[in-house]
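Undergrad: Please read through the structure below; I'll follow up with questions.
The values are calculated or read from the model by the stated rules, or taken from the named source; none is laboratory data. Only a predicted model underlies this, so the values are computations on that prediction, with no experimental measurement involved. Surface areas here come from the heavy atoms of the whole protein model, side chains and all, with no ligands, DNA or RNA. Shrake-Rupley method; radii C 1.70, N 1.55, O 1.52, S 1.80 Å.
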Amino acid sequence: MAEVKKVNWFARTWGKICKYFRELKSELKKVVWSTPQQVLKNALIVVACVLVVGVFIWLFDFVAQTLITTLINLFN
């Protein structure tokens, strides 16, 4: 019976790494990249949403602080 020689660790690992990069390259060819105009539009939407949420948090904090200060002064 003939013995099957096992491929060494380095050859197996190098083969897996090469396969990974080949598959990565083929997947990146399928990606639909955004245009600079779309990126700018989306970035502005994110900035606007962050500002709106920030204002709501600031208002809530201000009202809560005022309420707590009033309650503390009321019971002192």
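Undergrad: Report, by residue number, each residue of the range 24-63 that is among the acidic types (Asp, Glu) and under 22 Å from the mean Cα position of the chain (by Cα).
TA: Within the range 24-63, the subset among the acidic types (Asp, Glu) is 27, 61.
Hit for the range 24-63 is GLU27, nothing else.
Undergrad: Here is a further query. Which count do you get for residues in the range 1-28 that are open to solvent by 90 Å² or more (accessible area, probe 1.4 Å) and either assigned to a helix (DSSP H, G or I) or at pLDDT 95 or above (or both)?
TA: Going through the range 1-28 one residue at a time, the tally reaches 12.
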